[in-house]
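Engineer: Following this message is one structure expressed as structure tokens.
The values are calculated or read from the model by the stated rules, or taken from the named source; none is laboratory data. Since the model is a prediction, treat every value here as computed from it, not as a measurement. Here the Cβ positions follow ideal geometry from the backbone for every residue, glycine too, while neighbour counts run over all protein chains shown. Ligands, DNA and RNA are excluded from the accessible area calculation, which covers all protein heavy atoms including side chains. Shrake-Rupley method; radii C 1.70, N 1.55, O 1.52, S 1.80 Å.
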Amino acid sequence: MGRLDRIAEPWGTRTPYARGEKWPVRVDTFLADGNGAEHPDRWVRSASVLHSNGDALDIAVKDGRIVGVRGRAEDRVNHGRLDPKDLYGWQAGASPDRLTRPLVRRGGRLVETDWDTAMDHIVARTKELLRDQGPSAIGFYTTGQLFLEEYYTLSLIAHGGLGTNHLDGNTRLCTATAAEALKQSFACDGQPGSYTDIDHADVIALFGHNVAETQPVLWMRILDRLAGPEPPALICVDPRLTPVARAAAVHLAPRPGTNVALMNGLLHEIIGNGWTDAEYITRHTVGFDELERRVKEYPPERAAEICDVPAEEIRRAARALGTCERLVSTVLQGFYQSHQATAAAVQVNNLHLVRGMLGRPGCGVLQMNGQPTAQNTRECGADGDLPGFRNWADDAQVADLGRVWNVDPSRIPHYGPPTHAMKMFRYAEQGSLRMLWVTGTNPAVSLPELSRIRSVLSQERLFLIVQDLFPTETTELADVVLPAAGWAEKTGTFTNADRTVHLSEKAVDPPGRARPDLDIFLDYARRMDLRDKDGGPLVKWHDPESAFEAWKECSRGRPCDYTGLSYDRLRGGSGIQWPCDAEHPDGTERLYTGGAFWSDPDYCESYGRDLVTGAPVEPTEYRAMNPYGKAVIKSAGYLPPHEQPDGDHPFLLTTGRTLYHFHTRTKTARAPQLQAAAPEMWVEISTGDASELGVMEGDLVEVSTPRGSVRAKARVSGIRDGVLFLPFHYGYWDIDEGSEADEAHGRAANELTLTDWDAASKQPLYKTAAARLRRIRAQDGSPAPAPTTAASAPLGAGVPETRGGPAAESDEDVRGTPPTEGDT
């Protein structure tokens, strides 16, 4: 047993292993001062909620309080490991500023009230709008952090009860392209690959995915492969010098917004050199000929000119991708938050299809998610789809959903695709959407162009309900605030990025009168007296387990089949991957083994969209492609971003995450070790640009776009020339100046981002705003408050290393015991 400062060493001690071996076990534990492992009264099973990796953990409880966490050795996902947010983030639940009573706006102020008053106010407004304007006046904007049972209940209430098409999540900001890329290529959502593919790969390619900071435990797995015999080669595509880039055999740092050109250049080389699986292409795909024609237009020299990377580096990467025996690819925000997000992500799928590298150990694609339960929003129909991956454009599938819910299918809106979040806010801006119910998210910091979002949310004609754990910039604008229970204060299931389902059980009571989100939704349905077509209650469940049983029936026979799961089964040692049914009683490690895809027109989740216009593909067009059981290869040409740098705004601004924070810091800023590691906003600038502008480490600078400006200290880092980076986590709730940005104190990155989105996935753009930078004043003796451990590491000397000290010391128990799960 060792002890380590996991702020200073976020990925912990290496446990090397060779290709094909099982990942050794290392159990990480952090307990509050004075609580040794033998002291907690009990350990409660759960999993991590501050990222999408799904690390299984046990919560230590003593005297009715959480006192720490411990990774679970036998779980298939993490083999006992936890990342810094897992280790320290739980402390936020005990923060003294938790919301504990409902609030309603009276005379312009939010005042405390009781649940009856708050809920009756909401119900009365709902009924008024249904009577006067119809269901399209009502919208729900949810999150990627609730449990499956809560999303499914909300989906039934919105779609089957009220009849509104306006239900989406903040997953639109981070995971919409993952879903759309999977639907474009495979006609259905669902990650083809598995984390265990890391154990077998000889090349791992990370496309716009800084896994070291977004899924640190998955990065630990990769680091342990790199430290062992027969290490894989890493290919990294990222404009920043991330930890992944530092470890990569080939690092491509393209100009933001040029990913399609880069992917076409790589595919040009792979197809041109014959590094393809012709038999797989013929038997299991449609559309290859068009791709072959398209990528001929992108020889490496042309791609290099567009992307501003060396042509020879494109050739090196293509050779590695084209000649390896087992390839794992992951994709995330570097591709997803751009104007051709889906088109670029689909080319990664194409890479695997033309190489026949799916459905076997070491051959998988992970179109990653950003939040812990993002996958569940998609499965349950809470983010712009229908439950069970049902196709809104297929009347038979809608009728089947009506059967499950016992409602007339005409009651389920399917006249068009479910409304995406960006359009919902547009409707609110225009005045047709008059009630917006926000759960577990903070759009007043996380959405682009914040001055516009604040004006939308603060309209008197909009009835705004916010359901959350803490006061936020968004609750400040609400008409009703509902105090919600946190992750460890309720029970439910959630599914990670490789389809592993975990059960999280209630460990402690919520504070004050805060309630689980499921209880709030059930209360709303009861007060609304929502009924099925026979006059019975529309929502027929009463607690998490009965909701899960209802969801199982909704998923029966669908790709995400949960019917083989139960709470009792999930109380075993490890999570289980869906589909889990009678045919796959132990779950399914990889999808599409044997090259069989869920693309039959009468079964598929989607017919796809045009990658340029975003228009849905008509059923007859889809059938004409003859995709029955085959994957669909779609090509795309490069298009430049709408907003280009110019003389006034010569930089490209990108935003992103840091290792120690999650979303708008409502939780991680309340965990002292995490907040101390990244306490304040910063701006990253390259050495070359800093030298040209006379900017030094720690200087105060101002970054401006046509939409606003932000001031912060400069970090001179390894980012490519011509690009600036801002972390998007920082808002205004923890500064004295209040919730409005002004010229001197703007610090939210989204003051600067633009209102625009990818045509197919509708995911907003956070990577390509044109910006300028000016130096305000010299540094005051201290460097930028950016972590030195990750992509924001300084290039120059003299910056103190980021450390957590004794308060961040946690236990590591390196056991080296092979896991017991049925891994291949």
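Engineer: Can you name the residue in the stretch 401-430 that is polar (S, T, N, Q) and not in a helix (DSSP H, G or I) and, of all such residues, is nearest to the chain's Cα centre (by Cα)?
Structural biologist: Per the criteria, the residue is THR419.
Engineer: For the stretch 628-641, which positions are within 29 Å of the chain's Cα centre (by Cα) and either in a loop (DSSP other than H, G, I, E, B) or over 22 Å from ALA393 (Cβ atoms) (or both)?
Structural biologist: Passing the criteria: GLY629, LYS630, ILE633, LYS634, SER635, ALA636, GLY637, TYR638, LEU639, PRO640, PRO641.
Engineer: Could you tell me how many of the residues in the stretch 480-536 are of a type in the set (Ser, Thr, Tyr) and over 26 Å from the mean Cα position of the chain (by Cα)?
Structural biologist: Qualifying residue count for the region: 1.
Engineer: In addition: Report, by residue number, each residue of the stretch 1-46 that is more than 25 Å from PRO806 (Cα to Cα) and buried (at least 21 other Cβ atoms within 10 Å of the Cβ).
Structural biologist: Of everything in the stretch 1-46, those that are more than 25 Å from PRO806 (Cα to Cα) and buried (at least 21 other Cβ atoms within 10 Å of the Cβ) turn out to be TRP23, SER46.
Engineer: So which helices (runs of 4 or more DSSP H) stay within the stretch 189-248 end to end and still have 2 or more residues that are touching a residue at least 60 places away in the same chain (Cβ under 8 Å) and closer than 18 Å to GLN371 by Cα?
Structural biologist: By residue number, 211-214, 216-227.
A quick yes/no check of all residues on (1) over 30 Å from PRO727 (Cα atoms); (2) of a type in the set (A, V, I, L, M); (3) touching a Leu at 6+ places or on another chain (Cβ under 8 Å):
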position: PRO239; (1), (2), (3): no, no, no
position: LEU252; (1), (2), (3): no, yes, yes
position: ALA261; (1), (2), (3): no, yes, no
position: ASN264; (1), (2), (3): no, no, no
position: GLY272; (1), (2), (3): yes, no, no
position: ILE281; (1), (2), (3): yes, yes, yes
position: THR285; (1), (2), (3): yes, no, yes
position: ARG294; (1), (2), (3): yes, no, no
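Engineer: Let me confirm something: among TYR622, TYR607, which residue is in contact with a helix residue (DSSP H, G or I) (Cβ under 9 Å, 6 or more places away or on another chain) and of a type outside the set (A, V, I, L, M, F, W, C)?
Structural biologist: Among TYR622, TYR607, only TYR607 is in contact with a helix residue (DSSP H, G or I) (Cβ under 9 Å, 6 or more places away or on another chain) and of a type outside the set (A, V, I, L, M, F, W, C).
Engineer: Related question: Condition first: small (Gly, Ala, Ser), in a loop (DSSP other than H, G, I, E, B) and farther than 14 Å from LEU469 by Cα. Now tell me which residues in the stretch 71-104 satisfy that.
Structural biologist: ALA73, GLY80
Engineer: Moving to a separate point now. Enumerate the pairs (first residue in the stretch 523-543 and over 20 Å from ASP116 (Cα atoms); second residue anywhere and open to solvent by 50 Å² or more (accessible area, probe 1.4 Å) and among the basic types (Lys, Arg)) with beta-carbon separation below 6 Å, excluding pairs fewer than 6 apart on the same chain, so at least 6 apart or on different chains.
Structural biologist: Every condition considered, the pairs that remain are LEU538/ARG531.
Engineer: Restricting attention to the stretch 642-679, which residues are among the basic types (Lys, Arg), open to solvent by 20 Å² or more (accessible area, probe 1.4 Å), part of a loop (DSSP other than H, G, I, E, B) and within 17 Å of ILE735 (Cα to Cα)?
Structural biologist: Listed by number, the list holds a single entry, LYS667.
Engineer: Let me ask another. For PHE470, only one of the following conditions fails: (1) of a type in the set (A, V, I, L, M, F, W, C); (2) out of contact with any helix residue (DSSP H, G or I) (no Cβ under 6 Å at 6 or more places or on another chain); (3) open to solvent by 20 Å² or more (accessible area, probe 1.4 Å). What is its number?
Structural biologist: Unmet condition: (3).
Engineer: Here's a follow-up. I'm told SER446 meets every condition in (1) more than 28 Å from ASP734 (Cα to Cα); (2) in contact with a helix residue (DSSP H, G or I) (Cβ under 8 Å, 6 or more places away or on another chain); (3) open to solvent by 10 Å² or more (accessible area, probe 1.4 Å) except one. Can you identify the failing condition by its number?
Structural biologist: (1)
To keep it simple, each residue is scored yes or no on (1) modelled with pLDDT under 95; (2) among the hydroxyl-bearing types (Ser, Thr, Tyr); (3) open to solvent by less than 60 Å² (accessible area, probe 1.4 Å); (4) touching a strand residue (DSSP E or B) at 6+ places or on another chain (Cβ under 9 Å).
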{"residue": "GLU737", "(1), (2), (3), (4)": "yes, no, no, no"}
{"residue": "ALA741", "(1), (2), (3), (4)": "yes, no, yes, yes"}
{"residue": "HIS745", "(1), (2), (3), (4)": "yes, no, no, yes"}
{"residue": "ASP758", "(1), (2), (3), (4)": "no, no, yes, yes"}
{"residue": "ALA769", "(1), (2), (3), (4)": "no, no, yes, yes"}
{"residue": "SER782", "(1), (2), (3), (4)": "yes, yes, yes, yes"}
{"residue": "THR802", "(1), (2), (3), (4)": "no, yes, yes, no"}
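Engineer: Further question on the same structure: Take the stretch 673-719 and flag every residue that is charged (D, E, K, R) and in contact (Cβ under 8 Å) with a residue 24 or more places away in the chain.
Structural biologist: If the condition is that a residue be charged (D, E, K, R) and in contact (Cβ under 8 Å) with a residue 24 or more places away in the chain, then GLU680, GLU684, ASP689, GLU697, ASP699, GLU702, ARG707, ARG711, LYS713, ARG715 are the ones that fit.
Engineer: Further question on the same structure: What number goes with the only condition from (1) farther than 21 Å from LEU321 by Cβ; (2) modelled with pLDDT of 95 or more; (3) open to solvent by 10 Å² or more (accessible area, probe 1.4 Å) that GLY139 does not pass?
Structural biologist: (3)
Engineer: In the stretch 352-400, which residues are part of a helix (DSSP H, G or I), surrounded by 23 or more Cβ atoms within 10 Å (Cβ to Cβ) and among the aliphatic types (A, V, I, L, M)?
Structural biologist: LEU353, VAL354, ALA374 - these are the residues of the stretch 352-400 that are part of a helix (DSSP H, G or I), surrounded by 23 or more Cβ atoms within 10 Å (Cβ to Cβ) and among the aliphatic types (A, V, I, L, M).
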